[in-house]
Amino acid sequence: MVNISVDFDKTVGRIKPMHAVGQPPFTGGFNKLDFSPVQVLKDAHIPYSRLHDVGGPFGGNRYVDIPNIFRDFDADENDPESYDFAFTDELIKGLMEYGVEPYFRLGVTIENQSHIKAYRIYPPKDYAKWARICEHIVRHYNEGWANGFHFGIKYWEIWNEPENRDDPNLNQMWRGTAEQFYELYDVASKHLKACFGDKIKVGGYAACGFYGIFADPEKYGLSVERREGERYTSSKEEYRVNFFLGFIKYIKEHGSPIDFFSWHTYGCVDIVPTEADFVDRVLTENGYGHIETHLNEWNLSHSKQLNRGTSFASANVMAMMLAMQHKKTDMLMYYDARYVCLSAYGGFFDPNTYQPSNVYYAFRAFGDLYALGNEVECTCEADGLYALAAADGEKRAIVLSNLGADTEIKLALPSGFSVYLLDCDNMLTKTEWDPNAFTLRENTVVLIRNF
């Protein structure tokens with residue numbers, strides 16, 4: 001039996017946006033783009049959608065990517081006629097209509113078959129011009145330039161996974177050296193901050209992850225067990241850690257502006273918090289402890305297709321969101337929320353019915369907490385059991401996710417609370433359970449609320 005203590009009158013912080021997403025759900029019909037699937041994001045109070053890999057390979061040759069918006073690099077970057085905003089405009093207008101703010105990645109879509117031929121992942125031939133192109137894109141969406149908008153998009157991320165491979169000839173995102181990327185970031189960040197100051201937040205670089213720290217934990221000051229296997233000990237993973245350390249050293253020496261550091265992982269909830277601690281410690285030791293950190297690409301079930309739609313999938317993503325709420329990490333963005341997608345990464349919708357999946361409903365339950373705003377004191381001491389509570393006046397809610405064995409739960413709540421069950425068969429289905437005493441099965445989520 002596990003006793004869970006909640007004090008709804010004791011606020012301990014804010015519920016952070018642990019339920020943001022990558023790749024918004026929309027469809028391209030014969031006559032128009034359909035953004036109605038974005039309604040499910042609105043229903044879950046999802047605040048941001050990261051615009052990376054939007055539209056398929058090469059951004060569908062239409063969306064977001066710098067080469068899609070500015071098609072001829074030799075053109076005049078100050079001339080509005082040099083830009084093709086058409087499809088990206090429609091995408092961003094669709095998101096804004098549903099209250100989901102874009103998180104704009106300045107760069108290119110991953111080229112997974114670049115071992116055959118690479119197209120757009122080489123360093124720009126003129127870094128300063130590339131930065132000015134980015135400037136005009138920001139001006140289009142935030143200042144109305146070129147018949148644009150005044151959306152006030154906050155986050156502008158420079159590139160994505162430049163350390164994707166340790167061999168430059170096999171890298172799927174950056175066919176240059178580490179130093180060349182550091183310089184691109186330096187030039188672009190300085191230009192954008194000089195143009196816009198605190199009106200926008202500039203950062204990057206969407207690091208691939210830090211599994212390599214587990215190959216030699218003592219080297220990185222970690223009190224965790226060493227892990228074996230290629231995932232941790234390969235030269236690629238060592239390169240990624242060293243790329244990060246080199247990046248921080250470079251921007252510190254060059255005074256490169258950075259408002260947020262973004263990184264990725266496809267690890268499980270037992271290792272991701274350690275990666276987050278490593279990131280935060282390196283940043284703090286180098287004078288960047290004040291900046292935001294964003295885990296803006298993650299997924300726990302992508303490598304095993306059978307995990308999609310299982311109780312394990314929904315309980316696991318909820319456990320991650322609840323665990324990371326108590327790390328310094330400011331935001332999580334799940335990869336991804338695509339619609340009508342057979343990719344193993346697209347976990348929000350059932351690929352057969354196109355209906356929201358149980359993974360989506362985990363995000364919806366977290367969205368209830370996010371909408372309430374205030375995190376309140378919630379004590380839960382049990383391996384594999386995660387808990388978080390929130391309140392807004394008399395509106396109150398708790399979420400539990402159990403990755404361990406079946407567990408008898410004891411609470412002491414006033415009257416008026418109901419229990420909603422989430423597993424592979426129940427999509428936050430209201431139950432007749434006593435909210436103060438019930439058995440929570442393995443790989444099961446419950447939302448308990450009084451509204």
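The values are calculated or read from the model by the stated rules, or taken from the named source; none is laboratory data. All of these numbers come straight from a predicted model, not from anything done at the bench. Methodologically, a virtual Cβ is constructed for each residue, glycine included, from the backbone with ideal geometry; neighbour enumeration extends over all protein chains shown. We work out accessible area using only protein heavy atoms, side chains counted, and drop any ligands, DNA or RNA first. Shrake-Rupley method; radii C 1.70, N 1.55, O 1.52, S 1.80 Å.
Structure values in brief
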{"read-out": "Hits in region 13-43 - residues which are part of a helix (DSSP H, G or I) and free of Cβ contacts under 8 Å to residues at least 40 places away in the same chain", "value": "S36"}
{"read-out": "Residues located in region 425-446, provided they are in contact with a Leu (Cβ under 6 Å, 6 or more places away or on another chain) and in contact (Cβ under 8 Å) with a residue 60 or more places away in the chain", "value": "L428, V445"}
{"read-out": "Among residues of region 1-58, those that are of a type in the set (A, V, I, L, M, F, W, C), under 21 Å from E90 (Cα atoms) and modelled with pLDDT under 95, counted", "value": "6"}
{"read-out": "Conditions (1) open to solvent by 10 Å² or more (accessible area, probe 1.4 Å); (2) of a type in the set (A, V, I, L, M); (3) more than 13 Å from the chain's Cα centre (by Cα); (4) within 21 Å of L403 (Cβ to Cβ): number failed by L300", "value": "(3)"}
{"read-out": "Check on Y345, at pLDDT below 95, in contact with a helix residue (DSSP H, G or I) (Cβ under 6 Å, 6 or more places away or on another chain) and of a type outside the set (D, E)", "value": "no"}
{"read-out": "Failed criterion for G229 (all others in (1) under 20 Å from H326 (Cβ atoms); (2) modelled with pLDDT under 95 hold)", "value": "(1)"}
{"read-out": "Residue in region 292-300 that is of a type in the set (A, V, I, L, M) and not in a loop (DSSP other than H, G, I, E, B) present", "value": "yes"}
{"read-out": "Candidate set: region 301-337, residues that are assigned to a loop (DSSP other than H, G, I, E, B) and hydroxyl-bearing (S, T, Y); chosen: the one modelled with the highest pLDDT", "value": "T329"}
{"read-out": "Candidate set: region 350-379, residues that are more than 17 Å from Q39 (Cβ to Cβ) and assigned to a loop (DSSP other than H, G, I, E, B); chosen: the one most open to solvent (accessible area, probe 1.4 Å)", "value": "N352"}
{"read-out": "Selection count, region 214-240, where residues are under 21 Å from the mean Cα position of the chain (by Cα) and either in a loop (DSSP other than H, G, I, E, B) or of a type outside the set (K, R) (or both)", "value": "1"}
{"read-out": "Selection from region 117-160 of residues that are of a type in the set (D, E) and open to solvent by 50 Å² or more (accessible area, probe 1.4 Å)", "value": "D126, E143"}
{"read-out": "Residue under evaluation A215, criteria (1) surrounded by fewer than 17 Cβ atoms within 10 Å (Cβ to Cβ); (2) without any contact (Cβ under 8 Å) to a residue 24 or more places away in the chain, criterion not met", "value": "(1)"}
{"read-out": "Checklist (1) more than 30 Å from V446 (Cβ to Cβ); (2) open to solvent by less than 30 Å² (accessible area, probe 1.4 Å); (3) part of a helix (DSSP H, G or I); (4) of a type outside the set (G, A, S) applied to W263, failing item", "value": "(3)"}
{"read-out": "When residues of region 161-206 are limited to those that are free of Cβ contacts under 8 Å to residues at least 60 places away in the same chain and among the small types (G, A, S), the one surrounded by the fewest Cβ atoms within 10 Å (Cβ to Cβ)", "value": "G197"}
{"read-out": "Residue list for region 408-442, filter: of a type in the set (V, I, T) and either under 28 Å from the mean Cα position of the chain (by Cα) or part of a strand (DSSP E or B) (or both)", "value": "I409, V419, T429, T439"}
{"read-out": "Search result, residues across region 58-77 that are in contact with a Ser or Thr (Cβ under 7 Å, 6 or more places away or on another chain) and either part of a helix (DSSP H, G or I) or closer than 23 Å to I153 by Cα (or both)", "value": "F58, G59, Y63, V64, D65, I69, F70"}
{"read-out": "Subset tally (residues that are farther than 24 Å from V38 by Cα and open to solvent by less than 10 Å² (accessible area, probe 1.4 Å)) for region 67-106", "value": "1"}
{"read-out": "Test: residue in region 241-251 that is farther than 11 Å from E163 by Cβ, outside any helix (DSSP H, G or I) and in contact with a strand residue (DSSP E or B) (Cβ under 9 Å, 6 or more places away or on another chain)", "value": "no"}
{"read-out": "Subset of region 266-292 that is in contact (Cβ under 8 Å) with a residue 60 or more places away in the chain and closer than 18 Å to M18 by Cα - its residue that is surrounded by the fewest Cβ atoms within 10 Å (Cβ to Cβ)", "value": "E292"}
{"read-out": "Every residue from region 380-405 that is open to solvent by 50 Å² or more (accessible area, probe 1.4 Å) and touching a Leu at 6+ places or on another chain (Cβ under 7 Å)", "value": "Y386, D392, K395"}
